[in-house]
Amino acid sequence: MSMNFRKLLQNKEYLDKVISVEPYHYELSFELRNGYPIPLTITFSPLFPMQLPIVHINEKYHHIPDIPHVMSSGLVCFLEKEGVIWSDIPERTLDFVFDRVEMVLNSNSPQIEYHREFSYYFGTLENTNHVFSVYTPEDEPTEISVLAMGGKPFAFLTNDMKSRSLLGKLLNTNIKSRNLEKAYYIPLDYTYKGKVPQFDRFWSNEEITNLIRNHISKDTLLKITKFSMNKKRYFYMLRIPLLTGDQAIIGLWYEKVNHSLSKKVIPLIDDSVVDDFIVTPLFIFRNDDTTLIERGGGIKKPLNTLLVGCGSVGSDLLFMLARSGMKHFTLVDDDRMKIENSYRHFLGMNKSIESKPKVELLREEFENRYPNVHIKTIENEVLDTIENGEIELNDFDLILVAIGDHNIERRLNKLILESSTPAIFTWVEAYGIGGHALVVNNGGNGCYECLIDNELRLYSSLAGKSEVPFIKNMNGCAGAFTPYGSIDSMETALLASRLVFRFLEDDIKGNPLVSWKGSSKTFEESGFQTSNRYNQSKDILGQDDYEYINRSCKACSNLKDVAYYEQY
């Protein structure tokens with residue numbers, strides 16, 4: 001049943017003179033609470049009220065006011081929809097819309113509101129050219145490059161092979177020097193307090209020149225003057241400090257129209273040549289590390305990480321950390337990818353067919369997905385790798401251990417304690433009843449050896465004591481495996497990833513154990529029992545646990561006891 005929008009509008013006492021222009025589109029008069037009537041147009045979506053209507057000031061009968069969130073076209077930007085829920089009842093939704101419209105129209109906001117939406121307004125300029133960028137803006141003016149395609153600027157990048165290689169991988173092409181032109185990056189030194197350009201109201205050449213000269217120091221001006229050329233076109237990237245404290249990144253493209261001009265010039269700051277060039281604003285889509293990592297809520301500190309074990313948990317852990325912005329990994333694993341593990345390994349079935357080393361397959365996969373990730377691989381057993389000097393534990397900022405072999409982990413734990421590098425051990429239990437992550441060598445007592453009691457059982461275990469191994473066997477001895485699923489692997493990797501984030505934020509005291517638990521149904525149906533620890537709540541298991549620490553531990557008892565666990 002179609003909605004009668006005209007009747008819906010006429011039933012509102014604050015609306016008058018409702019005229020149907022065409023289907024879904026109406027003209028009307030909206031009376032504000034102060035009694036002032038303002039002519040508007042409203043265009044509904046067929047999906048209203050799930051989708052909100054579009055509202056304009058009717059410029060046939062009213063001038064467009066110069067206030068924030070009202071475009072020069074009269075469009076009223078009354079709502080940032082993300083995270084906002086409105087009623088699914090049409091009458092209430094309409095009240096909600098006009099209440100928000102009134103808030104915009106009655107606003108007497110300072111210039112800061114324009115600055116808050118600088119990028120949005122700048123993106124509405126009619127003659128804007130969109131440009132990609134992998135250049136990370138810095139604090140000093142510097143010469144950079146711009147990739148030109150089809151006679152237009154396409155992407156900003158730095159003047160080095162690394163940046164060129166990264167852009168080439170992203171575009172799946174080989175970036176040649178002949179396609180690159182010089183550009184100049186200029187961070188303004190002083191906060192800009194002026195008007196924000198929008199739609200057909202861009203700065204004139206003279207306004208740009210004044211803006212630059214009034215917002216840079218003498219030192220910056222001197223650096224800019226060195227970037228003078230005699231060319232047909234010039235490219236600039238500007239970083240503009242705003243009233244909000246944010247930094248706007250924009251580009252400018254100067255094209256020479258007076259071809260008789262032969263002297264070296266700087267059109268950005270040279271008053272005498274402003275009429276000799278046309279300028280095109282460049283809206284920059286930032287794809288540099290800083291922007292991508294910030295948008296992804298990721299890791300901003302550099303971290304050189306050793307990952308030992310590239311099975312299901314290790315591969316998921318690598319995936320999460322690479323997506324979070326970590327770029328430098330050394331992978332150690334002596335196993336090859338097998339098809340029987342393809343459903344719980346990050347690489348999947350197609351990579352399993354190749355039966356190649358896991359470390360090599362992971363390096364190829366991640367460098368294809370994230371060209372700025374640097375991965376070194378070692379196809380060898382970790383203890384041999386350390387013993388033969390192929391790696392030095394002190395060279396890393398963090399060690400991650402995800403091999404799931406308690407005997408190797410006990411020896412590795414001792415070697416880590418002899419180094420200066422903190423580590424996180426992580427493993428998953430059979431049938432997905434839970435998983436764990438343990439911090440080691442982060443100051444004070446507490447290590448992997450502390451988990452093991454006199455009966456060679458782990459303190460952390462959510463499985464009860466059993467004389468039968470927690471394994472399944474499908475094809476004889478060669479087919480034995482610990483049963484758990486991909487979700488269990490990912491949950492464990494997520495647990496360890498959050499510890500990595502906390503480590504980077506200096507939010508970990510000492511060497512805690514954290515755990516998660518899943519359903520025990522299949523585990524118990526297979527004839528096994530859970531431990532007393534499994535009976536603890538999920539919230540308790542997820543908190544930092546120091547109770548496992550053995551003060552007479554033969555591995556870490558000689559370390560200074562900080563006793564963080566006494567707080568818990």
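The values are calculated or read from the model by the stated rules, or taken from the named source; none is laboratory data. Small disclaimer: the values here were computed from a predicted structure and weren't measured. Quick reminder, even Gly has a Cβ in these numbers, built from the backbone with ideal geometry, and neighbours come from all protein chains shown. For accessibility, only protein heavy atoms count, side chains too; no ligands or nucleic acids. Shrake-Rupley method; radii C 1.70, N 1.55, O 1.52, S 1.80 Å.
Which ³J(HN,Hα) values in Hz, rounded to whole numbers, follow from the phi angles of segment 33-46 under the Karplus curve 6.51 cos²θ - 1.76 cosθ + 1.60, where θ = phi - 60° and Gly and Pro get x?
Whole-Hz 3J(HN,Hα) from phi for segment 33-46: 5, 7, x, 7, x, 9, x, 10, 10, 9, 10, 8, 8, x.
Only helical DSSP H runs with n ≥ 4 go in: add -39500 (n - 2.57) per run for the chain, normalise by residue count and round the 222 nm mean residue ellipticity to 500 deg cm²/dmol.
Here the helix-only value at 222 nm equals -7000 deg cm²/dmol.
Which of the trypsin sites (Lys or Arg not before Pro) found in segment 76-152 are loop residues per DSSP with 13 or fewer other Cβ atoms within 10 Å of their Cβ?
K81
Angle check, please: helix 486-504 long axis (alpha carbons) against the longest principal axis of the chain (alpha carbons), in degrees 0 to 90, nearest 10.
For 486-504 against the chain, the angle is about 70 degrees.
Bin width 20 Å, origin at 0, all Cα-Cα pairs of the chain: what percent of pairs per bin?
17, 34, 33, 16, 1
How high is the relative contact order of the chain, given as a whole-number percent (alpha carbon pairs under 8 Å, six or more residues apart)?
About 9 percent, as a whole number.
Whenever you get a sec, compute what percent of the accessible area on the chain sits on carbon and sulfur atoms (1.4 Å probe).
Percent of accessible area from carbon and sulfur atoms in the chain: 48.
Using only the alpha-carbon atoms, how far is helix 312-323 inclined from the longest principal axis of the chain? Give it as 0 to 90 degrees, nearest 10.
The angle comes out near 30 degrees.
Each label point is 7 Å from the Cα along the Cα-to-Cβ direction; what then is the distance between the points at E207 and L79, in nm?
The answer from the label model is 3.2 nm.
Under the 0.36 nm per residue contour assumption, what length would be gained going from the current alpha-carbon distance of E181 and E547 to full extension?
125.5 nm
Need one number: nm distance between label points at M50 and N34, each 7 Å from Cα along Cα→Cβ, rounded to one decimal.
About 3.9 nm separates the two model spin labels.
Run the numbers for I19 and S262: contour at 0.36 nm per residue of separation, minus the present Cα-Cα distance, in nm.
81.4 nm
Can you figure out the FRET efficiency of S165 with D397, using R₀ = 25 Å and their beta-carbon distance, to the nearest 0.05?
Working from the Cβ atoms, E equals 0.50.
In degrees from 0 to 90, rounded to the nearest 10, what is the angle of the helix 90-105 Cα long axis to the longest principal axis of the chain?
With rounding to tens, the tilt is 70 degrees.
Apply 1/(1 + (r/R0)^6) to the Cβ-Cβ distance of Q111 and E455, taking R0 = 51 Å, and write down the FRET efficiency to the nearest 0.05.
0.10
Which distance in nm do the two modelled labels at Q536 and N129 give, with both placed 7 Å along the Cα-to-Cβ direction?
For Q536 paired with N129, the spin-label model returns 6.2 nm.
Taking R0 as 60 Å, what FRET efficiency do you get between D405 and D189 from their Cβ-Cβ distance, rounded to the nearest 0.05?
According to the calculation, E is roughly 0.55.
Provide the percentage of antiparallel DSSP beta bridges, counting only those with both residues in the chain; round to the nearest 5.
Given both bridge residues lie in the chain, the antiparallel proportion sits at roughly 70 percent.
Loop only by DSSP, 12 or fewer other Cβ within 10 Å of the Cβ. Give me the chymotrypsin sites (Phe, Trp or Tyr not before Pro) in segment 157-266 that pass, ordered by residue number.
Here the chymotrypsin sites (Phe, Trp or Tyr not before Pro) that fit, given the DSSP loop and packing criteria, are Y190.
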